[in-house]
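Chemist: Pasting in a structure now, in structure tokens, and then I'll have a few things to ask.
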Amino acid sequence: MEILAHPNPALKQRAQDVEHFGDRELKSLVTTMARAMYDAPGVGLAATQVGVLKRVIVYDIDEGLVALCNPRIVESSGETEFFEEGCLSLPGIEVSVERAPSLTCEACDIDGSPVIIQAEGLLARVLQHELDHLDGVLIIDRATPEERRAAIRRYNEVVHTFG
């Protein structure tokens with residue numbers, strides 16, 4: 001399964017909720033997403049990045065693979081912080097993105113059991129980044145207009161140099 005790259009229009013679409021849990025199709029999706037994420041290599045991947053409009057994400061921040069269905073942030077810290085983020089759909093560039101440093105995420109595992117995650121630091125950032133993908137939002141969409149233009153210029157240079 002190939003990871004879609006900007007400006008693929010599928011990356012701008014909003015994913016639909018997972019309605020059927022535990023079936024072979026969902027398990028296969030998670031397996032292929034995990035393989036693509038590890039091969040890239042990356043720490044997170046949303047189903048929209050592989051052209052599947054389902055609210056599914058996978059991530060591994062050195063604690064083992066986690067797959068979440070229908071994740072949503074139910075609470076976040078009042079403060080925010082900026083940090084450079086990369087993206088598998090915009091390889092070769094980083095953009096400074098403002099995000100909450102801690103949050104609570106509710107989701108289901110692939111069998112449909114509820115999951116509550118209290119996240120901070122890198123995990124909070126990864127969850128927000130992947131949830132953005134499920135809503136059709138890329139890191140360049142969170143940049144100022146000037147930063148966005150500069151990031152797209154850098155990205156195009158990388159694509160034309162290595163692509």
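Each value in this text was obtained by applying a stated rule to the coordinates, not by laboratory testing. Values in this document were obtained by computation on a predicted structure and should not be read as measured data. Here Cβ is always computed from backbone atoms with ideal geometry, including for glycine, and neighbour counts include all displayed protein chains.
Chemist: Gaussian network model of the chain, Cα springs within a sub-10 Å range: biggest mean-square fluctuation belongs to which of SER113, SER89, SER102?
Modeler: Comparing SER113, SER89, SER102 in a Gaussian network model of the chain, the most mobile one is SER113.
Chemist: While we're here: Considering only C-alpha atoms, what is the centroid distance from segment 131-156 to segment 71-127, in Å?
Modeler: If you average the Cα positions of each part, the centres end up 17 Å apart.
Chemist: Calculate the spin-label point distance for GLU106 paired with GLU75, positioning each point 7 Å from the Cα along the beta-carbon direction, and give it in nanometres.
Modeler: Reported label-point gap for GLU75 and GLU106 is 1.1 nm.
Chemist: I want to check the label-to-label distance for VAL137 and ALA5. Put each point 7 Å from Cα in the C-beta direction and report it in nm to one decimal.
Modeler: About 2.6 nm, to one decimal.
Chemist: Pull out the extension gain between LEU53 and VAL159, defined as 0.36 nm times the separation in residues minus the alpha carbon to alpha carbon distance; nm, one decimal.
Modeler: Working: separation 106, 0.36 × 106 = 38.16 nm, distance 2.52 nm.
Roughly 35.6 nm would be gained on extension.
Chemist: Starting from the Cα of LEU65, move 7 Å in the Cα-to-Cβ direction to define the label point; list residues of segment 14-46 whose amide nitrogen is under 17 Å from there.
Modeler: Within reach of a label on LEU65: 22-46.
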